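What follows is one structure encoded as structure tokens, with my remarks underneath.
The values are calculated or read from the model by the stated rules, or taken from the named source; none is laboratory data. The shown structure was predicted, so the numbers you read here are calculated from the model rather than taken from an experiment. Counting neighbours? That spans all protein chains shown, and the Cβs are built from the backbone with ideal geometry, glycine included. Just the protein is used for accessible areas: all its heavy atoms, side chains included, with ligands, DNA and RNA removed. Shrake-Rupley method; radii C 1.70, N 1.55, O 1.52, S 1.80 Å.
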Amino acid sequence: MAGMCKMGSVLKFIGGVLNKTVSFVVFSVLDLLDFILCYGYKVADFCIEAEWRPCYCSSAKEAITSSGKILVSEQGESKIVSLNSSKLQLEDISDTLYSRPSLVAEVSKLTVNELKKFKLDGTAKTNKGSTRSTFTINSIIVEMLQGKMVGRQLHHIPTWSDCDCKFCNSWTSSSKDTLYVKAQGPKDNKAREDVIFIHGFISSSAFWTETLFPNFSDTAKSIYRFLAVDLLGFGRSPKPADSLYTLREHVGMIEKSVLEAYEVKSFHIVAHSLGCILALALAVKHPGSIKSLTLLTPPYFLVPKGEAATQYVMRKLAPRRVWPVMAFCTSLACWYEHISRTICLVICKNHRLWEFLTKLVTRNRVRTFLMEGFFCHTHNAAWHTLHNIICGTSTKLDRYLDVVRDRMKCDVNIFHGKDDEVIPLECSFNVQRKIPRARVKVVENKDHITIVVGRQKVFARELEEIWNRSSRSH
């Protein structure tokens, strides 16, 4: 028996070393490929649209502070100045957008850094004894925000690499810049309570409407009004090309499209994955209105002291490993701006073909609607949402959870699939450590998606029980 255990340990060690070795080679090649694709897309953009689009390949550059326009600080606490109506506002962005170390990037910068060395030394000697605040800024943010600063309207025309079908661009035909919301419940405003459903990354409201909505009991349907929203940049909601998809934008659009449009006063929230972050941000803004919080696989990582929070979360979520498969997929999405754009070009732009082939081969309705949610987004929306919400809010979640624990009395329930390879199980227990009253349920043999899909009837009953319990306690 001891020999078997020792053999297992040896095999595990060999497998780990092999995974790291293969991963180093594969991701070094991908670093180079992304570098090449950067210039390929610049040429393609210029040839097709007569201008190339700025990207985050260059590291953050020193701001020209004398310009008096836009200042951005770094070290995971980056902020941009944006124009909203007649107000200038500071918005948080994640430094992971423009600071993702790679072998190719480091080698390409080495020569430039050496050339700047003498100049920097000379500058240091000249400024010795003086102190000044410095800010740094990223070129793409400057270019995107300069358009807003001169009053440019939202860019409704999709880029050549985005899908131009009616479904993906249905929002352009409406005069209202609001999110798509699927509402279901009693007519004539007879619903006693509201429930807001917030989906996760590269998903849509169909994650809820095609699974839970049909499985709620008649009693629940007569009491509750269900409001499932497509987040900004996903599904049928607006996908503005000049948006940075910050936390403020996402939460603001939910408030405008759901709370204000449907006159919601108090409500329950059910959120999945990335949607859990938005749910917490929304709850903190409306602490007196929340009746219950149900979080599925919340991405809350405990950041060690001394670590840059945004960079740590990015590495936990996307560890640059080829195995397991989900780790490889998240690494592609998180580390490679141009490779992920290529994936969107191949899959999202041609989603009608892929949907047809999926229906033809599987004839499985659940799989089809999941793929529809996966397809209907733009690269710009997915790229910025991933970095600005999951990575960029890593410094805020502690405060959000403290508010829920200390200032709110709502019921908090957490569900997590034991086989989830996207968000580790420890994240849910991390939330419970911050909010001791939170209940955590680990569902055996379920992963990131099947925590709902495949057990929708059971989960619908569980939610109804949570809502009933919360209503009685209030």
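I'd like to know if region 292-300 contains one or more residues that are touching a Lys or Arg at 6+ places or on another chain (Cβ under 9 Å) and assigned to a helix (DSSP H, G or I). No; the residues of region 292-300 include none that is touching a Lys or Arg at 6+ places or on another chain (Cβ under 9 Å) and assigned to a helix (DSSP H, G or I). Residues in region 258-274 that are under 13 Å from residue 197 (Cα atoms), surrounded by fewer than 24 Cβ atoms within 10 Å (Cβ to Cβ) and of a type outside the set (A, V, I, L, M): 267, 268.
A count restricted to region 281-292 and to residues that are open to solvent by less than 10 Å² (accessible area, probe 1.4 Å) and under 19 Å from the mean Cα position of the chain (by Cα) stands at 3. In this structure, is residue 143 at pLDDT below 65, within 20 Å of residue 240 (Cα to Cα) and open to solvent by 30 Å² or more (accessible area, probe 1.4 Å)? Considered against the rule, which asks whether it is at pLDDT below 65, within 20 Å of residue 240 (Cα to Cα) and open to solvent by 30 Å² or more (accessible area, probe 1.4 Å), residue 143 comes out as yes. Residues that are open to solvent by 10 Å² or more (accessible area, probe 1.4 Å), touching a residue at least 40 places away in the same chain (Cβ under 8 Å) and touching a strand residue (DSSP E or B) at 6+ places or on another chain (Cβ under 8 Å) are absent from region 298-320 altogether. The lone criterion from (1) among the polar types (S, T, N, Q); (2) in contact (Cβ under 8 Å) with a residue 60 or more places away in the chain; (3) more than 26 Å from residue 452 (Cα to Cα) left unmet by residue 340 is number (2).
Taken over region 240-284, the criterion of being assigned to a helix (DSSP H, G or I) and among the acidic types (Asp, Glu) is satisfied by 249, 255, 260.
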